[in-house]
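One structure follows; several queries about it will come next.
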Amino acid sequence: MSSGATKDFDDIYLGGKNGVLAQGKFKLSEAGIGWKNATSGQIITVSSADIAQMLWMRVARDFEIKIIRKDNAVLKFDGFPRDSYESLQAFVKNFYGFPLEEQQVSTRGYNWGKVDFEGNWMEFTVGDKQAFEIPITQVANASMGAKGEVAIEFTPPPPADPNAPKRQKEDHLVEIRFFVPGNATVGQRELTDADGEPLAAANIFCDTVKTRMDVGGPASEAIVTFEELLSLTPRGRFQVHMHPSFLRLRGKSHDYKILYTSIKKLFLLPKPDDMHFLFVVGLDPPLRQGQTRYPHMVFQFEREAETELALTLSEEQLEEKYKGVLQKNYDGPSFQVISDIFSGLSGKKALTPAIGFKSAHGHRGVKCSQKANEAILYPLEKAFLSIPKPTIYMSFNEIAAVTFARVSSATSASTKTFEIKFNLTSGVEYTFSSIPREEYGPLESFCRSKKLPVRNEIGDEGMQFVDSEEEDEEGRRKRVALDYADDFDASESEDEDFKEEAESSESDVAEEFNEDYSSEEEGGEG
């Protein structure tokens, strides 16, 4: 419905969002412009006094109105029919005092041109016409690739609401690469660094994108900033800026923007060396670094390290939005402070190792190997977790069988370790080897206490069965295997034949070297 002072349009999409399409109602009035999401009820408004320019252009979904505010922020709305241009142009000219300009789009198909930054958008133009735009608000990472190449990764779309009506599958842009040759210039002059070396144009372009990525404000406006956190996966040291809705990881060569809605699990785990704690952040969708995906971040902290800090939030903000989950000041072990803040902002509780498990040495995890990598296997209350690389999470509901097996080898050293195989219901199998033999008892007892299906492949020669005190449904005693640790001991017990031979050898030596030795046969001959 439209009148002289207002103009309404249904089924208009909010542009510049990488994710589920946001469809709603668009309205123009003398006071300004408004849009209401038909699903969530979200409302976006722009006062007429804040509008600097309005553009009309052809896009994939009919036509688009691009609104440029006086603070250089850009809003885009798609889905206007072609025949609405005349009436919209007259309305904008009448009430806002400037024309609705028609912007031409390049259709030549060229993939080379120039880049301009306008507010929170990056525009790629061919000649004098726009080829495409990239919303900087959706950029998650910008990094240098091969010589002269810059990779720009986009924030993954949020997971679909399970209660929302089913929709067709959608494709999402996850990465775009630019080749920027040569050195950076201003006019005819080359830019140089402090040592007088020319600066590569690709580096300048990459740095420019990075400086414009923080939509929630620069690092100084973050709720809290952590300096130089050691990450085992992905490897490196990162500066972590935590904002109200996302966190920013800044490394030497990679930056990441992670939405708190992408954090699915948190783990706080003591390392078996009694010197460090590991903090694991489970992500879905995972971090991307080229073709490598990281579904888990693993940070390491010294057990004795302390942190004292104050959040930048006011008392009113803490009371209204973070009551009971965050506090103004923190002072304690670094691993605990960071875990508490991550939990408060993401809404996820940090899981710890199972209370009912302790290794033979009193630790919460067991050292082992996963293929060629060293690993630590942690029994949790409802899952097993192996870290650091690769990080493997196995829920008890997904485990079809747990198999304990002795490593088959001809060397005697093989009896000092064993391996565990986890067969999942999906058909995937994970094998953890080089586990010290004394850990068999605690791990086997834990698996049985969690009602997991346990199998033993030690071998008949090492298996001995006895009657247990338990009875089956028919009153017969169950037959159970002796403890695997006993079997280990038996395999290393002294060989009786070797013992007899040794005693015999000792008697032969005595006969040869004892001067007083005389046999009965010698006495008979004398």
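What are the residues in segment 111-122 that are modelled with pLDDT of 85 or more and more than 18 Å from D207 (Cβ to Cβ), if any?
Step one: filter segment 111-122 for residues modelled with pLDDT of 85 or more, giving 111-117, 122.
Those that are modelled with pLDDT of 85 or more and more than 18 Å from D207 (Cβ to Cβ): N111, W112, G113.
This table checks each residue for (1) among the aliphatic types (A, V, I, L, M); (2) under 30 Å from A146 (Cα atoms); (3) open to solvent by less than 50 Å² (accessible area, probe 1.4 Å).
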residue	(1), (2), (3)
P270	no, no, yes
M275	yes, no, no
F279	no, no, yes
Y294	no, yes, yes
F299	no, yes, yes
Y322	no, no, yes
Q327	no, no, no
D331	no, no, no
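Return yes or no: is R235 of a type outside the set (G, A, S), within 26 Å of the chain's Cα centre (by Cα), over 30 Å from N111 (Cβ atoms) and surrounded by fewer than 16 Cβ atoms within 10 Å (Cβ to Cβ)?
Values: of a type outside the set (G, A, S): yes; within 26 Å of the chain's Cα centre (by Cα): yes; over 30 Å from N111 (Cβ atoms): yes; surrounded by fewer than 16 Cβ atoms within 10 Å (Cβ to Cβ): yes.
So R235 passes the test.
If you go through segment 232-258, how many residues are assigned to a loop (DSSP other than H, G, I, E, B) and touching a residue at least 24 places away in the same chain (Cβ under 8 Å)?
From segment 232-258, those assigned to a loop (DSSP other than H, G, I, E, B) are 234, 243-245, 251-254; that's our starting set.
So of that shortlist, the ones also touching a residue at least 24 places away in the same chain (Cβ under 8 Å) come out as 234, 243-245, 253-254.
Matching residues across segment 232-258 total 6.
Only residues that are at pLDDT below 85, open to solvent by 20 Å² or more (accessible area, probe 1.4 Å) and in contact with an Asp or Glu (Cβ under 9 Å, 6 or more places away or on another chain): list them for segment 240-268, please.
Once the filter is applied, which keeps residues that are at pLDDT below 85, open to solvent by 20 Å² or more (accessible area, probe 1.4 Å) and in contact with an Asp or Glu (Cβ under 9 Å, 6 or more places away or on another chain), segment 240-268 yields only K257.
Right, next: Name the one entry in V126, V115 that is surrounded by 13 or more Cβ atoms within 10 Å (Cβ to Cβ), within 24 Å of K70 (Cβ to Cβ) and of a type in the set (V, I, T).
On the way: V126 fails: within 24 Å of K70 (Cβ to Cβ).
The match here is V115.
Condition first: in a strand (DSSP E or B) and not polar (S, T, N, Q). Now tell me which residues in segment 379-388 satisfy that.
Here is the first cut: in segment 379-388, the residues in a strand (DSSP E or B) are 379, 383-387.
Passing the criteria: P379, A383, F384, L385, I387.
Sticking with this structure for a sec: Would you please list the contacts, defined by Cβ atoms under 6 Å and residues six or more apart or on different chains, that run from a residue in segment 33-48 that is more than 22 Å from G97 (Cβ to Cβ) to a residue that is in a strand (DSSP E or B) and aliphatic (A, V, I, L, M)?
Note: pairs meeting the criteria are K36/I43.
Further question on the same structure: All but one of (1) assigned to a strand (DSSP E or B); (2) within 30 Å of A5 (Cα to Cα); (3) open to solvent by 20 Å² or more (accessible area, probe 1.4 Å) hold for E133; which doesn't?
Result: E133 passes all but (2).
From (1) open to solvent by 50 Å² or more (accessible area, probe 1.4 Å); (2) in contact with a strand residue (DSSP E or B) (Cβ under 7 Å, 6 or more places away or on another chain); (3) modelled with pLDDT under 85; (4) among the acidic types (D, E), pick out the condition that doesn't hold for E227.
(3)
The values are calculated or read from the model by the stated rules, or taken from the named source; none is laboratory data. Keep in mind that what you see is a predicted model, and the values were worked out from it rather than measured. Cβ: placed from backbone, ideal geometry, glycine included. Neighbour counts: every protein chain shown. Remember, those area values only see protein heavy atoms, side chains included, never the ligands or the DNA or RNA. Shrake-Rupley method; radii C 1.70, N 1.55, O 1.52, S 1.80 Å.
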